[in-house]
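Worksheet: the structure to be examined is printed underneath.
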């Protein structure tokens, strides 16, 4: 089943690469669209060619919408990606939506929280997915637990209701509630994003917070350890500043587990980065520091550093070549590949 899914996604990706236009159908108030990407490359830990390992990453998303009138829109979204397959599932997103013009939208189903969707990440231009469960953790396992990225995450495997506003004067906010799962009693998330796009210097800010009651063998991503505790609280904050072709960022995330059982996986991560675009070329430099176990006095905390520089060349509207060189706390690495979007 999984092999067939991967083959279908690979075929769609290759067909889409032949044209810069997305796969889309419109008829009156009805529209259907398929989008996504395929990313493939190699990573060489310790810069040793015999140790080169294949990195594969892809995502596909299908969305259907119907406009009841000029104000109301109904829709259905389904998505699948490599992360989901790694976790043994076959659904990433599956939710219905109701959008009201000038007010916002409501989402009901399996999907990410508002705090995650309104979050901001580091301006990395490589293909290692720095802001969403970084790919290098698949091939270079740290000696201890890490908080893998700075975007707040409470998973997407439980029935969730998201309510998010439209952007008014550059401000967008929302709230989400999830439950009906054996991984926790319930979770509440909130987020806000503020954009100031006018002028030569453009800025964006995001803030998020969440509370999860009684996580039980809960895992927020395929590359983190399971959590069992009385409750889990998280907070995140980020700022992006764009000046001409430069983008600067500062991000952070804090996780606290109340009376955890088993391996400790809470702590904090902070990150900063910069990128620059010139014609078809982009470069970036990012750094992040993760500290887990810092709140638990009966265990030693674990520090993990990541510094990485990336380069991207845009061959066409939907085909990029990329290369990254970086260093974890103990392991240097070199990685390169190609990414196709549709």
Could you bin all the Cα-Cα distances of region 202-242 into 10 Å bins starting at 0 and give me the percent of pairs in each, rounded to whole numbers? 24, 36, 25, 13, 1
Using only Cα atoms, what is the ratio of the radius of gyration of region 256-342 to 2.2 N^0.38 Å? 1.48
Hey, any idea what the orientation-averaged projected area of the convex hull of region 217-279's Cα atoms comes to, in nm²? 5.6
Rounded to whole angstroms and listed largest first, the alpha-carbon spread of region 117-162 along its three principal axes comes to 36, 25, 14
Computed over region 180-219, the convex hull of the Cα set has an average projected area, in nm², of 3.9
Who wins for biggest fluctuation among 92, 277, 291 in a Gaussian network model of the chain, springs between alpha carbons below 10 Å? 277
Expressed in angstrom, Rg and Dmax over the Cα atoms of the chain are 20.2, 63
Can you tell me the relative contact order of the chain? Whole percent, Cα pairs under 8 Å, sequence separation 6 or more. 16
Rounded to the nearest Å, the spacing of the alpha-carbon centers of region 183-227 and region 82-153 is 10
For region 21-73 and region 234-289, distance of Cα centres in Å: 23
Given the Cα-Cα distance of residue 175 and residue 76 and 0.36 nm per residue of separation, how much length would full extension add, in nm? 33.7 nm
Pop a pseudo-label 7 angstrom from the Cα along the beta-carbon direction at both residue 213 and residue 159 and give the gap in nm to one decimal. 1.6
Using only Cα atoms, what Kirkwood radius does region 165-317 have, in angstroms? 17.9
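Read the figures in this text as sums done on the coordinates, not as results from a lab. All values reported here derive from a predicted model rather than from experimental measurement. When we count neighbours, we look across all protein chains shown, and the Cβ atoms used for this are built from the backbone with ideal geometry, even at glycine.
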